[in-house]
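This report refers to the structure that appears directly beneath it.
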Amino acid sequence: MLTRSILALMTAGFLATVPAHAQESDADKDWSTVRIGTEGAYPPFNYLDASGELKGFDIDIAKALCDAMKVECTFVTQDWDGMIPALQNDNYDAIIASMSITPEREEQIDFTNKYYQTPPAIAVPKDSDIAGTTKEDLSGKAIGAQVSTTHARAAEAYFPDAEIRQYPTAEEYKLDIESGRIDAVMDDVVVLTEWLNSDAGACCKLLGTLPADPEIYGRGVGVGLRKGNDKLKGMFNDAIATIRENGTYKTIQDQYFDFDVYGE
């Protein structure tokens, strides 16, 4: 009979060979209810209105996907930097929060096909002397971006001679550029345009868009899922195709944007 110490060592060795984020298959699961995690602080994609209700493009797309899958969906709000760990800890079943499909994230979780893809952009104060969006134009400048996003990573890659300041939420970098504490901000062009067209964004202007490096931005924005949930992934992919084909996607898109947000 094995001693406890030997058994413990064998168990530890076995566990060490198991991938950190391995998940059981959902092949036998009845997906009649799906819990969706979102941030609720990234307008116009997902945000809380004055009454505390979740709104935005991500939310409307999520509801349309749930209708197409014929499942009941509930929503959970989660701070952005804890979004993937909370999914892995089973706090919810899917992430629909404008999360780009990147190789780094695909090491931790799985993704559906994309449901939209828009380019990054730079905004600056209206009286800024920054003339363009090259690394030379932004050299020595302080650029704000939201922490743990592809935009923050891209800012560091695109502007190696700038100071990149990362903020927990987009609202916080907006406050800093409004007060003159940073020189520019980097985010999705839709997010920045929505802000600049509001009273809160009166301080600033859009400087221009940037190329979306596929090594950083991946293949668009998708639904994030736990690894092993292939059945749920298939359901979401079928639903994305369905709402694209039956016109539901365009109906939702046209409520928010005057261009094709799906991308190429």
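Hey, can you grab everything whose amide H is under 5 Å from the amide H of Phe75? Only 5+ residues off in sequence or another chain; H modelled, so Pro and N-termini drop out.
Those qualifying (amide H under 5 Å, at least 5 residues apart or on another chain) are Ile36.
Report the full-extension gain for the segment Leu48 to Glu172: residue separation times 0.36 nm, less the Cα-Cα distance, to one decimal in nm. Write out the running numbers ahead of the final one.
Details: separation 124, 0.36 × 124 = 44.64 nm, distance 1.60 nm.
Going from the current span to full extension adds 43.0 nm.
What's the FRET efficiency of Glu106 with Thr134 using the Cβ-Cβ distance as r and R₀ = 41 Å, to the nearest 0.05? Can you show the working numbers first?
Values: r = 30 Å, r/R0 = 0.74.
Efficiency at R0 = 41 Å is approximately 0.85.
Using a 1.4 angstrom probe on the protein heavy atoms only, line up Leu196, Leu206 by accessible area, largest first. List each step's numbers first, then the result.
Details: Leu196 30, Leu206 70 Å².
Greatest to least solvent exposure: Leu206, Leu196.
Taking R0 as 25 Å, what's the FRET efficiency between Asp258 and Lys205 from their Cβ-Cβ distance, rounded to 0.05? It would help to have the intermediate numbers written out before the result.
On the way: r = 19 Å, r/R0 = 0.75.
After rounding, the FRET efficiency stands at 0.85.
Which entries of Lys174/Lys250; Lys114/Lys205; Lys114/Lys227; Lys29/Lys250; Lys29/Lys63 have Cα-Cα distances beyond 23 Å here? Intermediate results must be reported in sequence, preceding the final value.
Details: Lys174/Lys250 30 Å; Lys114/Lys205 29 Å; Lys114/Lys227 17 Å; Lys29/Lys250 31 Å; Lys29/Lys63 21 Å.
Going by Cα-Cα distance, Lys174/Lys250; Lys114/Lys205; Lys29/Lys250 fall outside the 23 Å limit.
Taking the chain as a Gaussian network, Cα atoms linked when under 10 Å apart, which of Ala155, Ala94, Ala142 shows the biggest mean-square fluctuation?
Of the options given, Ala142 has the highest mean-square fluctuation.
Mind ranking Lys250, Lys231 by accessible surface for me, highest first, 1.4 Å probe? The partial results should precede the final answer.
On the way: Lys250 120, Lys231 80 Å².
From most accessible down to least: Lys250, Lys231.
Skip the ligands, DNA and RNA, and give the accessible area per residue of the chain with a 1.4 Å probe, whole Å². Can you show the working numbers first?
On the way: 12950 Å² over 264 residues.
Dividing the accessible area of the chain by its residue count gives 49 Å².
Based on the alpha-carbon gyration tensor of the stretch 82-221 and its eigenvalue square roots a ≥ b ≥ c, which shape applies: rounded if a/c is under 1.5, prolate if not and a/b is larger than b/c, or oblate? Please report the intermediate quantities before stating the final value.
Working: a/c = 1.99, a/b = 1.70, b/c = 1.18.
Prolate shape, in that a/c is at least 1.5 and a/b is the bigger ratio.
Just need the relative contact order of the stretch 123-185 here, percent rounded to a whole number, with Cα pairs under 8 Å and 6+ apart. The partial results should precede the final answer.
Working: 97 pairs, mean separation 25.5, N = 63.
Here the relative contact order equals 40 percent.
Just from its helices, what would the mean residue ellipticity at 222 nm be for the chain, if runs of 4 or more DSSP H residues each count -39500 (n - 2.57) and the sum is divided by every residue, rounded to the nearest 500 deg cm²/dmol? Intermediate results must be reported in sequence, preceding the final value.
Values: 10 runs with 91 residues, N = 264.
Taking each H run of at least 4 residues, the total per residue is -10000 deg cm²/dmol.
Got a number for carbon plus sulfur as a percent of the stretch 26-176's accessible area, 1.4 Å probe? Before the final figure, lay out each step's value.
Details: 2730 of 6310 Å².
On the stretch 26-176, the fraction of accessible area on carbon and sulfur atoms equals 43 percent.
Separation between the Asp30 and Asp127 pseudo-spin-labels, each 7 Å from Cα along Cα→Cβ, expressed in nm?
The two pseudo-label positions are separated by 6.5 nm.
Explain nothing, just compute: Karplus ³J(HN,Hα) = 6.51 cos²θ - 1.76 cosθ + 1.60, θ = phi - 60°, for every residue of the stretch 75-92 in order, whole Hz, x for Gly and Pro.
For the stretch 75-92, the Karplus-derived couplings read 10, 10, 8, 8, 4, 4, 5, x, 4, 6, x, 5, 5, 5, 8, 6, 6, 7 Hz, x marking Gly and Pro.
Please compute the net charge surrounding Gln108, taking Lys and Arg as +1 and Asp and Glu as -1 over other residues with Cβ under 14 Å from its Cβ.
Working: positive: Arg105, Arg226, Lys227; negative: Asp81, Glu104, Glu106, Glu107, Asp110.
Residues near Gln108 contribute -2 overall.
With all protein chains present, calculate the accessible area of Tyr47 using a 1.4 Å probe and round the result to the nearest 10 Å².
70
The values are calculated or read from the model by the stated rules, or taken from the named source; none is laboratory data. Computed from a prediction, not measured in an experiment: that's the story for all the values here. Heads up, the Cβs are rebuilt from the backbone with ideal geometry, glycines too, and the neighbour counts pull from every protein chain shown. Surface accessibility is based on the protein's heavy atoms, side chains included, excluding ligands, DNA and RNA. Shrake-Rupley method; radii C 1.70, N 1.55, O 1.52, S 1.80 Å.
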